[in-house]
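To start, the structure under review is shown below, and the notes come after it.
Laboratory data are not the source of any read-out in this text; all were calculated from the coordinates shown. Everything numeric here is computed off the predicted structure, so don't read it as measured data.
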Amino acid sequence: MRDVDGVANDIGGASLALRSLGHESIMGVGRKGCEMDGDASSAKRYRARAAEVRGAAEKMTSLETREMLLSIAANYERLASRIEASARQSRR
């Protein structure tokens with residue numbers, strides 16, 4: 001069982017890794033911001049972020065931090081997919 005400090009260190013490691021990539025928060029709003037405007041460029045930005053976060057995860061020595069970052073990357077991918085699906089629906 002992990003203590004609170006260990007969990008905080010993992011979250012801090014994930015947060016630090018995201019900041020080093022220019023991501024201000026885990027929620028995905030960076031310096032430039034990312035709007036959910038439903039266009040292909042938004043989906044591409046989120047897919048690019050997912051790739052960046054996966055790259056950062058590969059460098060992590062903490063298994064839990066790596067898993068957290070991979071989960072964040074998967075969320076970016078899901079968000080991109082939703083944006084693309086929404087764009088397809090609005091074109092119909």
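Brief remarks on what is shown
- Extended-chain gain in nm, criterion 0.36 nm per residue less alpha-carbon gap, Ser41 and Arg92: 16.4 nm
- Mean separation of Cα contacts under 8 Å, 6 or more apart, over the residue count of region 46-92: relative contact order %: 44 percent
- Residue by residue, region 65-79 carries 3J(HN,Hα) couplings of 5, 4, 5, 4, 5, 5, 5, 4, 4, 5, 5, 4, 5, 5, 4 Hz when phi is fed to the Karplus relation 6.51 cos²θ - 1.76 cosθ + 1.60 (θ = phi - 60°); x denotes Gly or Pro.
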